[in-house]
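Below: the structure, in C-alpha cells.
Only the coordinates and a few stated rules stand behind these numbers; no lab work does. It should be emphasised that the depicted structure is a prediction, and the values quoted were computed from it without experimental measurement. Quick reminder, even Gly has a Cβ in these numbers, built from the backbone with ideal geometry, and neighbours come from all protein chains shown.
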Amino acid sequence: MPASTIDHRSIFLALLAFLALTLGGCAGLPSKDPLQVTVVGVESLPGEGMELRLLVKLRVQNPNPAPIDYRGAYLKLEVQGTTFATGVTGERGTLPGYGEAVIGVPVTVSVLRMVRQVAGMLDGQPVDRITYEMSGKLEGGPFGTERFRASGEFKLPTEAPAPLTN
C-alpha cells in the first residue's frame, strides 16, 4: 500500500477518534436549566433623529449551582411576530449560582419599525391581544454563552372602562 494512502487513512481515523471523544465528553456534561429572564424596568435614553432609545432592565436568574461569568449581552424584542427593538451591552459581571442580577441593555427602536407595527394593527382586523417574544444571550466565550427566550401576550380590554362616579 502506498505511504500517502496510509497517511490519509491514519489522519481520518485520528480525526474520527477525536470527534468521538469530544462528543462523548459533551454528552457526559450535566444538563443545565435555562436562565429565567424578566423585564423589570424600562427607562428613556437620548436618541438620534428617527429612533427611540430605551434602557431595558432585565432580571436574570440562574437556576444552576455554577456561576456564569459574562462579558456582554444581546437583546431582541419582537411584537406581533416582527422585530421591534434590538440592543447590546458590553457590561461584564458574574451571575452567581442560584442567584440573580439586574442587567441593563440599551435598545433601539426605529420610527419606521414603530410605524410598521401600528400600520399592521390597523388592517381592519380587531386586535384583542398583543404577543411578544424576548430573546437574547449572555456572552461567556466559545463554550459559556447562555441563550434565553421568553414570550407571552397582553390581552387588550374589549370594553371601555366604566366612568367614575362621585
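Roughly what percent of Cα-Cα pairs across the stretch 36-155 reach past 21 Å? Result: 43 percent of Cα pairs exceed 21 Å. All other residues whose Cβ lies under 14 angstrom from that of Thr82 are scored, Lys and Arg at +1 and Asp and Glu at -1, for a net of 0.
Here's the list of aspartates and glutamates a cross-link from Lys155 could span, going by alpha-carbon distance under 19 Å and ignoring same-chain residues fewer than 8 apart: Glu78, Asp123, Asp128, Glu133. For the stretch 39-132, GluC sites (Glu not before Pro) are listed when DSSP marks them as loop and at most 13 other Cβ atoms sit within 10 Å of their Cβ; the list is Glu48.
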